[in-house]
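First up is the structure itself, then whatever we jot down about it.
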Amino acid sequence: MLAVIVIAGIHPDKVFDYFLENVTAFVFLGALVATYRILPFSELSYLLIFIYLSMHEWGAHYKYSDVPLGEWIKPLLHTHRNMYDRILHFSFGFMIGYPLQEMFIRKAKVVRQWRYVLPVEAIMALSAVYEIAEAGAAMVLSPERGEEFVGMQGDIWDSQEDMLMAGIGAVIGMLLLFLIRRRRAARAAKAELELADVRR
């Protein structure tokens with residue numbers, strides 16, 4: 001992760017914006033390091049976090065509104081707006097929902113349907129807090145370029161749409177997880193029945 005941060009920090013579009021975009025990422029990484037002994041996550045969770053943060057670093061390097069991937073998909077989506085930030089908000093919900101579920105299961109002993117509901121609610125809450133903090137930081141640190149920093153690109157509903165994308169990502173992620181686990185449980189039950197038949 002450190003290597004990705006260093007590479008993304010080489011000649012970013014706007015140095016000030018790059019570091020401002022990374023405040024939350026650095027706080028998040030610091031929290032992961034500080035709580036490693038108390039709450040170590042699974043390898044899958046760390047992989048998902050790494051992929052998400054790597055995507056974030058790419059966005060921070062290009063100031064989000066100018067990320068090449070977003071430019072490439074403009075014709076496909078028939079839009080004049082760079083949608084990379086929407087992809088990242090969706091990815092936040094989709095990828096970070098699983099580590100949150102691990103945390104709820106291990107620390108809060110959440111079971112049954114709540115282990116799928118609470119991560120979605122947490123993603124929505126974190127998204128709202130982030131959007132509020134981002135708007136506040138833009139007004140205080142860069143008032144003359146607030147809209148540019150927030151990445152609205154002329155969309156007055158940008159914050160709400162970002163939160164919606166995170167929520168959709170979380171719902172899809174939890175739904176997939178539920179279906180995968182149910183399928184595995186069905187296979188395990190079937191194998192157990194077949195084994196019992198063989199023993200008879």
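The values are calculated or read from the model by the stated rules, or taken from the named source; none is laboratory data. The structure presented is a predicted model; accordingly, all values stated were derived computationally and were not measured. Because the Cβ atoms are built from the backbone with ideal geometry, glycine has one as well, and the counts that use them run over all protein chains shown.
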Top-ranked residue of segment 160-194 - restricted to ones that are out of contact with any Phe, Trp or Tyr (no Cβ under 8 Å at 6 or more places or on another chain) and of a type in the set (Gly, Ala, Ser), ranked as farthest from Trp114 (Cα to Cα)
Ala191
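Taking Tyr62 as the residue in question, decide whether it is buried (at least 18 other Cβ atoms within 10 Å of the Cβ), within 20 Å of Phe90 (Cβ to Cβ) and under 15 Å from the mean Cα position of the chain (by Cα).
Values: buried (at least 18 other Cβ atoms within 10 Å of the Cβ): yes; within 20 Å of Phe90 (Cβ to Cβ): yes; under 15 Å from the mean Cα position of the chain (by Cα): no.
When the stated conditions are applied, Tyr62 does not pass them.
Matching residues to (1) crowded, with 18+ Cβ neighbours inside 10 Å; (2) of a type in the set (Lys, Arg); (3) free of Cβ contacts under 8 Å to residues at least 24 places away in the same chain; (4) farther than 19 Å from Met165 by Cβ:
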{"site": "Lys14", "(1), (2), (3), (4)": "yes, yes, no, yes"}
{"site": "Thr35", "(1), (2), (3), (4)": "no, no, yes, yes"}
{"site": "Pro40", "(1), (2), (3), (4)": "no, no, yes, yes"}
{"site": "Glu43", "(1), (2), (3), (4)": "no, no, yes, yes"}
{"site": "His56", "(1), (2), (3), (4)": "yes, no, no, no"}
{"site": "Leu77", "(1), (2), (3), (4)": "no, no, yes, no"}
{"site": "Tyr98", "(1), (2), (3), (4)": "yes, no, no, no"}
Tell me which of these Arg81 doesn't satisfy, since it passes every other one: (1) of a type in the set (D, E, K, R); (2) closer than 22 Å to Met1 by Cα; (3) surrounded by 14 or more Cβ atoms within 10 Å (Cβ to Cβ).
(2)
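Looking at segment 1-89, what helices (runs of 4 or more DSSP H) fall wholly within it and have at least 2 residues that are small (Gly, Ala, Ser)?
Values: elements: 2-8, 15-21, 23-34, 43-61, 68-72, 74-77.
Filter on segment 1-89 gives 2-8, 23-34, 43-61.
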Every pair of residues 6+ apart whose Cβ atoms lie under 8 Å, when the first sits in segment 117-137 and is farther than 12 Å from Asp162 by Cα while the second is surrounded by fewer than 17 Cβ atoms within 10 Å (Cβ to Cβ) and among the hydroxyl-bearing types (Ser, Thr, Tyr):
Ala133/Thr24
The condition from (1) assigned to a helix (DSSP H, G or I); (2) of a type in the set (D, E, K, R); (3) modelled with pLDDT under 90 that Glu102 misses is numbered (3)
Please verify whether segment 122-138 includes one or more residues that are small (Gly, Ala, Ser), at pLDDT below 90, closer than 28 Å to Asp17 by Cβ and surrounded by 19 or more Cβ atoms within 10 Å (Cβ to Cβ).
yes
Subset of segment 105-116 (residues that are over 22 Å from Ala185 (Cα atoms) and part of a helix (DSSP H, G or I)):
Lys107
